[in-house]
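First comes the structure, then the notes that go with it.
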Amino acid sequence: MITRNTLAAIVAAVALLSATGCAVTRGQESVGAYLDDTAITTAVKGRMIDNKSVDGTSIKVETLNGTVMLSGFAKNMDERTVAESLAWKTDGVKSVKNAIAVRP
């Protein structure tokens, strides 16, 4: 069921993005790359929501050209490490930058 929800989110994101147009200017990524990055972001967030040891609502995920940037707050170092590991395990991820702060 969770996989179905993730798939539904990806389909909705693709439909929304295709309705916004295809204008690309200098310095922007292509529409295809943008769609790939959106799919990666959605997949990483889905993995975090599915994992009970990570609070997916406290961690922000952004993707640019396959590089995933994690930011936000974790309760401890284990949560921070698990979040990074989940990002690395996602298809299409080329690198992960972990800027998650651990709350004291």
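A few points about this structure:
- Condition check for M69: surrounded by 13 or more Cβ atoms within 10 Å (Cβ to Cβ), touching a residue at least 12 places away in the same chain (Cβ under 8 Å), under 23 Å from S30 (Cα atoms) and under 12 Å from the mean Cα position of the chain (by Cα): yes
- Of the criteria (1) surrounded by fewer than 14 Cβ atoms within 10 Å (Cβ to Cβ); (2) within 13 Å of the chain's Cα centre (by Cα); (3) hydroxyl-bearing (S, T, Y), which one T42 fails: (1)
- Looking only at residues in the stretch 55-91 that are touching a strand residue (DSSP E or B) at 6+ places or on another chain (Cβ under 9 Å) and among the basic types (K, R), the one that is farthest from A101 (Cα to Cα) is K60.
- Cβ-Cβ contacts under 9 Å between residues 6 or more apart (or on different chains), taken from a first residue in the stretch 78-104 that is closer than 11 Å to I40 by Cβ to a second residue that is in a loop (DSSP other than H, G, I, E, B) and not hydrophobic (A, V, I, L, M, F, W, C), are listed as G92/G66; V93/G66; K94/N65; K94/G66.
Throughout, read-outs are computed from the coordinates displayed, never taken from laboratory work. Treat the numbers as computed from the prediction; the structure is a model and nothing was measured. For neighbour counting, all protein chains shown are included, and Cβ atoms are generated from backbone atoms with ideal geometry for every residue, glycine included.
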